[in-house]
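This is the structure, below, for whatever I ask next.
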Amino acid sequence: MTRTKKTKAGKRPVAGERSGGSGKGASAHHYPELFEPIKIGSVEIANRIAMAPMNTVFSMDNQGYVNEQILAYYAARAKGGVGLIITECVLGTKQASKFPYTSNLHLFNTTHVPGLEEVVETIHAFGSKVFIQLSIGFGRQGHNPDHERPPAPSPIPYQTDPTLMPKQMLKFISQNIQILDPRIPTMAHADMPREMTKDEIKSEIEQFAKSCVLAILAGFDGIELHAPHGYLEHQFLSPRSNKRTDEYGGSLENRMRFVVEIYQAVRKMIGHAVPIGIRLSGDEHMPDGIHHDEMKLVVRKMGEMGIDYVHLSDGSYEALKYFFPDEDGTILDEAQGFKSVLPANVPVMTPSVHDPVMAVDAIKASKTDMISLGRQLLCDPEWANKVREGRKFNKCTRCCDCLMRTAAGLPVRCRVNRDLGREKYMPEFWRPTRKKGVKIIPPIPSADALNG
């Protein structure tokens, strides 16, 4: 599947070799606080910059398998200097795979492992660590091409409020509302979900935990539980979408039970073989949703149970302007709120800080420990190298072209970075020859290690 390349002189590049300038520019070490190493559980990350998980629709057949474009896309960002890559949302159960964001990668049987292992090996070859973001489902935010009803805590569809959309997305929809077709699985349309049974909840959690073992087999350095911005785990947390009257609804203790049981099942299944983190929204930003004060209690509980890191998001499909903010730093106060209830050794990761000066200030002020870049790394995969070397980077304009394309079921593109989506044709992003002596058999944990 993966190609290797030679330089013009015939010399093969060294695995993990970074791109960028030489001499004074390469050794200047601008913004040193961004480039200090940090530990997440037992894994050391080379700097404080992560690539945020983003749905790309590059796995275009919705069979959940990796292809050459996906490999080259991740290679470009790893070569660009980020310390950690968190994959796009990977669906961790068979049922979840029936309700995707148009097309997602899958991991719930062994046929999915080889391609994901290629992703891991490619990212490692270019010098970054990689965590898999594994999802138990999109819930009422999922779409099925046959309009099958998605499983959710309660039968409540999401209702998009145009005034809560990013500016450019609102402009696009207002200009094209007449041609939007319900067959297109956009964020503006939703099917009525059905309520999950308790047996179904238990079964999905069990299958999801088993999928985490497959993630270890594929060689991932860590696992991120997908519980933010309105997806299934978030829906159980929120009184807006969870109207259950059993032990999974009502009080916050009951509403967080689904998230808690998922974490407990995963930890029991894999022990401390790799770090386990969780992504959560700082606030739902809807009148009857879950707000920051309650989310801090959820985060406190996760910290007490032993979570290895917390990664912020915000809003939901119903409050997209918080999920995809129009400016920098909108979530930093919420990040500081999460840090205030977590043990000191549990890092907090915050997105949407594209300005390196703001990122350094936030780290110095202990508002966050790391930043995660989404749209900015679509726009310029070399952001980290350029920032470190004091070079000018291509700034994301927050035009949301990338979001609007994927929301319409199209592979991601960028009006600034014309090479986004064609990395597979660019030899600099083909995986180099493996270094001599590098182990090719993954360190599969023993039964004792898996059981903690």
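Quick check on the range 291-304. Is at least one of its residues crowded, with 22+ Cβ neighbours inside 10 Å and closer than 24 Å to residue 123 by Cβ?
The answer is no, given that none of the residues of the range 291-304 is crowded, with 22+ Cβ neighbours inside 10 Å and closer than 24 Å to residue 123 by Cβ.
Same structure, new question: Given the range 345-421, what helices (runs of 4 or more DSSP H) lie entirely inside it while holding 2 or more residues that are within 17 Å of the chain's Cα centre (by Cα)? If you could, list the steps in order and put the result at the bottom.
Details: elements: 356-364, 375-379, 383-389, 401-407.
Because the criterion is at least 2 residues that are within 17 Å of the chain's Cα centre (by Cα), the helices (runs of 4 or more DSSP H) in the range 345-421 that meet it are 375-379, 401-407.
Another question, then. Looking at 223, 201, can you tell me which residue is within 20 Å of the chain's Cα centre (by Cα) and touching a residue at least 12 places away in the same chain (Cβ under 8 Å)? Show your work before the answer.
On the way: 201 fails: within 20 Å of the chain's Cα centre (by Cα).
Result of the check over 223, 201: 223.
Let me ask something else about it. Any chance you could count how many residues in the range 166-188 are part of a loop (DSSP other than H, G, I, E, B) and modelled with pLDDT under 75? Quick ask: steps written out before the conclusion?
Residues of the range 166-188 that are part of a loop (DSSP other than H, G, I, E, B), as a first pass: 166, 180-188.
Going one step further and asking which of them are modelled with pLDDT under 75, we end up with 180-188.
The qualifying residues number 9.
Each row is one residue, and each column tells you yes or no for (1) touching a residue at least 60 places away in the same chain (Cβ under 8 Å); (2) touching a strand residue (DSSP E or B) at 6+ places or on another chain (Cβ under 8 Å); (3) in a loop (DSSP other than H, G, I, E, B); (4) not β-branched (Val, Ile, Thr).
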site	(1), (2), (3), (4)
219	yes, no, yes, yes
239	no, no, yes, yes
244	yes, yes, yes, yes
253	no, no, no, yes
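Could you grab me the full set of residues in the range 398-419 that are charged (D, E, K, R) and under 23 Å from residue 355 (Cα atoms)? Can you show your working first?
Taking the range 398-419 first, the residues charged (D, E, K, R) are 398, 401, 405, 413, 415, 418-419.
If the condition is that a residue be charged (D, E, K, R) and under 23 Å from residue 355 (Cα atoms), then 398, 401, 413, 415, 418, 419 are the ones that fit.
Let's see how each residue does on (1) modelled with pLDDT under 95; (2) out of contact with any Ser or Thr (no Cβ under 9 Å at 6 or more places or on another chain); (3) not acidic (Asp, Glu):
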site	(1), (2), (3)
258	no, yes, yes
283	no, yes, no
291	no, yes, yes
314	no, no, no
325	yes, no, yes
331	no, no, yes
344	no, yes, yes
351	no, no, yes
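Filter the range 68-84 down to the residues that are over 10 Å from residue 128 (Cβ atoms) and in contact with a Phe, Trp or Tyr (Cβ under 7 Å, 6 or more places away or on another chain) and list them by number. Please lay out each step first, then the result.
At the first step, the residues of the range 68-84 found to be over 10 Å from residue 128 (Cβ atoms) are 68-73, 76.
Scanning the range 68-84 gives 69, 70, 72, 73, 76.
Another one. Say we look at the range 10-64 and pick out the residues that are in a loop (DSSP other than H, G, I, E, B) and of a type in the set (Lys, Arg); which of these is modelled with the highest pLDDT?
Restricting attention to the range 10-64, the residues satisfying the condition of being in a loop (DSSP other than H, G, I, E, B) are 10-23, 28-31, 36-37, 41-42, 46-48, 52-64.
Subsequent filtering for residues that are of a type in the set (Lys, Arg) retains 11-12, 18, 48.
Details: 11: 37, 12: 31, 18: 36, 48: 98.
Only one residue tops the list, namely 48.
The values are calculated or read from the model by the stated rules, or taken from the named source; none is laboratory data. Note that the structure is predicted; figures quoted are calculated from it, not measured. Ideal geometry is used to build each Cβ from the backbone, glycine not excepted, and the neighbour counts take in all protein chains shown.
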